[in-house]
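One structure below.
The values are calculated or read from the model by the stated rules, or taken from the named source; none is laboratory data. These numbers were taken from a predicted model, which means no experiment stands behind them. Every residue, glycine among them, receives a Cβ derived from its backbone with ideal geometry; neighbour counts consider all protein chains shown. These area figures cover heavy atoms from the full protein model, side chains too; ligands, DNA and RNA do not enter into them. Shrake-Rupley method; radii C 1.70, N 1.55, O 1.52, S 1.80 Å.
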Amino acid sequence: MTASLTLKLHNRIGDIGESAWNELRDNDNPFTSFAYLDALEATGCVDQASGWQPVHLSLSDEAGIIRGVMPLYVKYHSMGEYVFDQSWARAYEQAGGDYYPKLQGAIPFTPVTGARLISPDPEVRQALAQAAISLCDSNKLSSLHITFPREDEWKMMGEMGMLQRQDQQFWWDNNGYAGFDDFLAQLSSNRRKVIRRERRDVQSRLDLRWHVGDEITETHLDQMYTFIESTYDRKWGAPYLTREFFSRIRETMRDQLALVFAYDGNEAVAGAINFIGGDTLYGRQWGTLIDIPFLHFEVCYYQAIDFAIARGLKRVEAGTQGEHKLSRGYLPNPVYSAHYIRDQRLRAPVEAYLTREREAVVEQMQMLAEEASPFKKGE
């Protein structure tokens, strides 16, 4: 079948079309949807100027029906990926090579696991990965990086010879809890006390309110973006996402949006934006105008647990980094990336490094789950 497929490159996802793209998806992960990726392009978050030039792949059969698609970008830097390869770039450039541009199979600025080779047919998924490798070779690009794929995709790409990388994120799982206190009852006595104190300290000063779906207004988005800008300005610089992006997703994805705000009286002073999948709440950007101890934990972690329990969601994924999440009930889970490096002079040392890194990540995850878990022993 794959021998008869025709490959096309698309400089905008709109050339593929919403129905063709979404019909190939096998779940309701919001970030692999046409609406999300199109919003990034339509509002100037990704383009050649930003260093994320779309070159999405599609494979069509003899009848012209698209059988597989892949979100793909030419990258001119290594920002907004959350899988760090800057040391590889420095080493290659010091050896006289050009690391950039490179190819990136990813959802920009979104470190969330999901399909990267989008097709219900495993042969087509493999053909998409091979097409991306061939594109890297034919254009003499340094490398191809497919970040936060599903585990089955990651294993397949490893069998194809791509280098495999593993990291961890901290996710909360809903074990059928009736409420937040039911969840707390599964934790050690010390952790219950700490979490209750943290929540009490915040909630004694601020009101927490959710705005979901049709309840979300442009005023809410103005406030949310102000929070994000304030926090980015203090830590990282300008936000990756534009203000227009939030209006676009409110228009096209409102049923999957959930904002939680902290209010001081009637004034909104902090908040977080979440996306609702079929069984998962995905925590994304957050920001604050004030500095209150434990506010981040309340807005981003505890409120998300409350929401997931109330909605019957199975999981909360609260983004990258943060072993501090572990003590609050978010346990380590593996996340993956696969890498093709064209030049053997760079490939060999990176492969050796990734072998050691995978072993260390697995060992650390086991240690954290066994020795640092906040849950009662035996639970």
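Residue ranges 32-43, 244-255 sort as 32-43, 244-255 when ordered by packing (mean number of other C-beta atoms within 10 Å per residue, highest first). Between the alpha-carbon centres of segment 1-61 and segment 326-369 there is a gap of 28 Å. Rounded to the nearest angstrom and listed largest first, the equivalent-ellipsoid semi-axes of segment 251-293 from its Cα gyration tensor are 24, 12, 8. Largest GNM mean-square fluctuation across Ala272, Ala63, Ala127, computed for the chain with C-alpha springs under 10 Å, falls on Ala63. Just how many % of Cα pairs in segment 1-111 lie over 20 Å apart, if you round to the nearest whole percent? When every Cα pair of segment 1-111 is considered, 46 percent fall beyond 20 Å. Mind checking the log10 I(q)/I(0) for segment 145-301 at q = 0.08, 0.16, 0.17 Å⁻¹? Debye, one equal scatterer per Cα, no solvent, two decimals. So the normalised log intensities are -0.31, -1.07, -1.15. Here is how the number arises for the chain: DSSP H runs of 4 or more residues each give -39500 (n - 2.57), the sum is divided by the residue count, and the result at 222 nm is -11000 deg cm²/dmol. Backbone phi angles across segment 5-18, fed through the Karplus curve with coefficients 6.51, -1.76 and 1.60 (θ = phi - 60°), yield HN-Hα couplings of 7, 9, 8, 10, 9, 10, 7, 8, 5, x, 5, 7, x, 5 Hz in residue order; Gly and Pro are listed as x. Per atom type, segment 177-334 shows carbon and sulfur on 44% of its accessible surface, probed at 1.4 Å.
Note on the chain: Cα Rg divided by 2.2 N^0.38 Å, N the number of residues, gives 1.02. Over 24 Å apart at the Cα level, from the set Lys155/Lys325; Lys155/Lys377; Lys8/Lys102; Lys155/Lys376; Lys75/Lys314; Lys8/Lys140, are Lys155/Lys325; Lys155/Lys377; Lys155/Lys376; Lys75/Lys314.
What whole-number value in Å² describes the accessible area per residue of segment 45-105 for a 1.4 Å probe? Don't jump to the answer; show the numbers that get you there.
Details: 2420 Å² over 61 residues.
Ligands and nucleic acids excluded, the result is 40 Å² per residue.
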